[in-house]
1. Those residues that are at pLDDT 70 or above and not charged (D, E, K, R), I need them from the stretch 86-99; list them, please.
2. For the stretch 35-49, enumerate the residues that are surrounded by fewer than 17 Cβ atoms within 10 Å (Cβ to Cβ) and of a type outside the set (D, E, K, R).
3. Of the numbered conditions (1) surrounded by fewer than 12 Cβ atoms within 10 Å (Cβ to Cβ); (2) of a type in the set (A, V, I, L, M, F, W, C); (3) modelled with pLDDT under 80, C82 satisfies every one except a single condition; which is it?
4. Given the conditions (1) surrounded by fewer than 18 Cβ atoms within 10 Å (Cβ to Cβ); (2) at pLDDT below 90; (3) in a loop (DSSP other than H, G, I, E, B), report the number of the one that A58 does not fulfil.
5. Exactly one condition in (1) under 18 Å from the mean Cα position of the chain (by Cα); (2) part of a loop (DSSP other than H, G, I, E, B); (3) at pLDDT 80 or above; (4) exposed (fewer than 13 other Cβ atoms within 10 Å of the Cβ) is not met by V66; state its number.
6. Output the residue which, of all residues in the stretch 106-130 that are touching an Asp or Glu at 6+ places or on another chain (Cβ under 8 Å) and assigned to a loop (DSSP other than H, G, I, E, B), is farthest from S3 (Cα to Cα).
7. In the stretch 13-34, what residues are assigned to a loop (DSSP other than H, G, I, E, B) and either basic (K, R) or surrounded by 14 or more Cβ atoms within 10 Å (Cβ to Cβ) (or both)?
8. Pairs only if they're at least six apart or on different chains, beta carbon under 9 angstrom, first in the stretch 37-60 and closer than 22 Å to I75 by Cβ and in contact (Cβ under 8 Å) with a residue 12 or more places away in the chain, second assigned to a helix (DSSP H, G or I) and aromatic (F, W, Y); list them, first residue then second.
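The values are calculated or read from the model by the stated rules, or taken from the named source; none is laboratory data. Because the structure is predicted, anything quoted here is derived from the model rather than measured. Using ideal geometry, Cβ is built from the backbone for each residue, glycine included, and neighbour counts are taken over all protein chains shown.
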Amino acid sequence: MTSKSQTGVVVLLNGIPVHWRSNKQPTTADSPACAEIYALKECVKDARLLLWVAEEMAVAVSWPFVVNCDSKQAISFKESTCPKSKIRGSFDMREDWVAELREQKIVQMAKIDGEKNLADIFTKCMPTWKFIRMFELISTFQSTYFG
């Protein structure tokens with residue numbers, strides 16, 4: 001057991017999972033909000049790389065791309081809506097990844113219910129019934145959200 005948080009990422013292309021991963025974060029987070037922001041950064045990095053590869057393959061890509069997130073704190077950090085946040089000092093706001101994360105032309109956020117967060121299958125221990133339900137959500141994502 002460790003106190004490090006787990007990052008889970010699922011990237012969908014036209015509703016189909018094309019990339020997924022689950023990693024321990026390299027350092028112990030100061031708070032759950034910091035862990036969510038770090039996970040958001042990793043998600044944006046992975047999604048941008050996949051979109052750049054798709055562009056090189058002459059696939060039509062629309063920018064900005066949308067990240068579904070169940071964390072109000074991560075969305076607030078991305079949107080810069082809370083200047084007096086308790087996580088001040090946890091991240092250097094001058095770093096390039098912070099500016100890129102906050103750039104509206106690259107990524108936009110969508111708030112989703114925690115029960116529909118597809119990445120949770122990679123980050124949380126869950127009973128069998130919930131794992132099966134999450135797996136079914138991934139396999140029916142296209143018809144649920146695009147149909």
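1. Within the stretch 86-99, I87, S90, F91, W97, V98, A99 qualify.
2. Residue satisfying the conditions is L49 alone.
3. Exception for C82: condition (1).
4. The single condition A58 does not satisfy is (2).
5. The number of the failed condition is (2).
6. Residue satisfying both the conditions and the ranking: I106.
7. Pass one, the stretch 13-34, residues assigned to a loop (DSSP other than H, G, I, E, B): 14-15, 25-31.
Within the stretch 13-34, G15, Q25, A29 meet the criteria.
8. Between residues of the stretch 37-60 that are closer than 22 Å to I75 by Cβ and in contact (Cβ under 8 Å) with a residue 12 or more places away in the chain and residues that are assigned to a helix (DSSP H, G or I) and aromatic (F, W, Y), the close pairs are I37/F77; L40/F77; K41/W97; V44/W97; K45/W97.
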